[in-house]
Structure formats: structure tokens, C-alpha cells
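To start, the structure under review is shown below, and the notes come after it.
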Amino acid sequence: MPSTCLRAFPGESSLMDKPGLAAAAPDDRDARDLRWSRLMAAAQAGDRRAYEDLLRECLPLLRQICRARLRDATEAEDAVQDTLLTIHRARASYDASRPFRPWLVAITERRALDRIRARGRRSGREAALDLAAELPAPEGSADAALDANRAAAKLRDAVQDLPQSQRTALGLTKLQDLTLQEASARSGMSIGAIKVATHRAVQTLRRRLTGQE
């Protein structure tokens, strides 16, 4: 997706230059959420100014979510832009009778997760090396460094053969170093399912790496 996707909708040229609203105090949150819902409804009716105000005010929340999910600042900013573009494309689908903030947060979380998945695919080699550190090297190794490289190569291939649920759980808990609660929220899997899938994935990778299957 183009890094300049903020230019995909009217009025966006000023969005990144103007500061958003400060984080709302708890007492102000309901009023802010109501305002956002009304601004979105007005934007759906064609009010350009309302649309620009809404996006500008939402930016701090979008950045907060993306930066919490993505450790890399550039990736987080790309996820923010992905979110803004999705909002623009999907704005007609928003139900004005429902609160806007949960709709916004759901989109932001999905776009951040998309970035995590894409980064994981690009970093397959690095991911395999990270995981290999948790797994035993083959016995009888004459050269530890060579064995580690071979193990990482085998592991990289083995990860691709895991069921999707196991790859997801392994990536979130081991590669992204999320807590079980965070991994559960991110994936939609229960904490118990995350535990089981991660355990099974590690056991499978250990067997394959050591040639025990």
C-alpha cells in the first residue's frame, strides 16, 4: 500500500500537520465519543469539514493503538495511514446509530495486525533464528555455528508447515513477545487455545529440528 495513502481523501493534506486533541480525560470520553459519532454521521451526509475534524481528532488514538501494537515507529505510522484509508473506503458502511469509537478501534487493530503479519512474512529468516534459540541443537555437532544455521533453515521450513492457529500463536507469543492476554485479544483465540497451540507448535518444531519424527 502506498505510504502516501493519506492523500486518498479530501482535506488530508493538513491532517498530519495539525496537532490532534490531547488524550481525553475519563470524564470527557463519553462526550468525545458522542462528538465523533456525530461528526461521522455528518461526514456521511457530505460535510467535508466534519470529516476533516473527525480524522484530525482521531489521529492521537490511532497512533496510540498502532504504536502499542508495532514496535517500529515507521510501521506504526504506515498502519495509521492504512487505517485512515480504510475508514475512507468503508465510511458508508458505518451505522450512525451505533458508537463510532468501537468501529474505529476495530479497524485500527486489524490494520496493525495486517502489518504484523506482513512483517512476519518478510522476516521469516530472522523469526526462525529467534525460535531456534529455544530449541535444542542436534547432538553430535562438530561445529555449533554450522549446526545452528542448519537448524534455523530446517525450522524456517517447519514453521511454514504448522497449522495456521499454531503459526499465529507462536508468532504472537514468541516472536512478538506478547502476553497471553494480549495474544488472545489480538488473535481472537482464547487464552487456553493460545497456550495449547503454542505448546504444540514448539513440540512439533523441536521434533522436526532434532529428527525425532
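Results, tabulated for the structure shown:
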| quantity | calculated |
| --- | --- |
| Residue check, Leu104 out of contact with any His (no Cβ under 6 Å at 6 or more places or on another chain) and modelled with pLDDT of 90 or more | yes |
| Yes/no for Ala22 being at pLDDT below 90 and loosely packed, with under 12 Cβ neighbours inside 10 Å | yes |
| Inter-residue pairs, beta-carbon under 7 Å, first over 12 Å from Arg101 (Cβ atoms) and in segment 36-49, second of a type in the set (Gly, Ala, Ser) and open to solvent by 40 Å² or more (accessible area, probe 1.4 Å), 6+ apart | Ala41/Ala96; Gln44/Ala92; Gln44/Ala96 |
| Residue check for Ala50: within 15 Å of the chain's Cα centre (by Cα) and of a type in the set (A, V, I, L, M) | no |
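The values are calculated or read from the model by the stated rules, or taken from the named source; none is laboratory data. Fair warning: this is a prediction, and the values are worked out from it, not measured in the lab. Here Cβ is always computed from backbone atoms with ideal geometry, including for glycine, and neighbour counts include all displayed protein chains. In case anyone asks, the SASA skips ligands and DNA or RNA and just uses the protein heavy atoms, side chains included. Shrake-Rupley method; radii C 1.70, N 1.55, O 1.52, S 1.80 Å.
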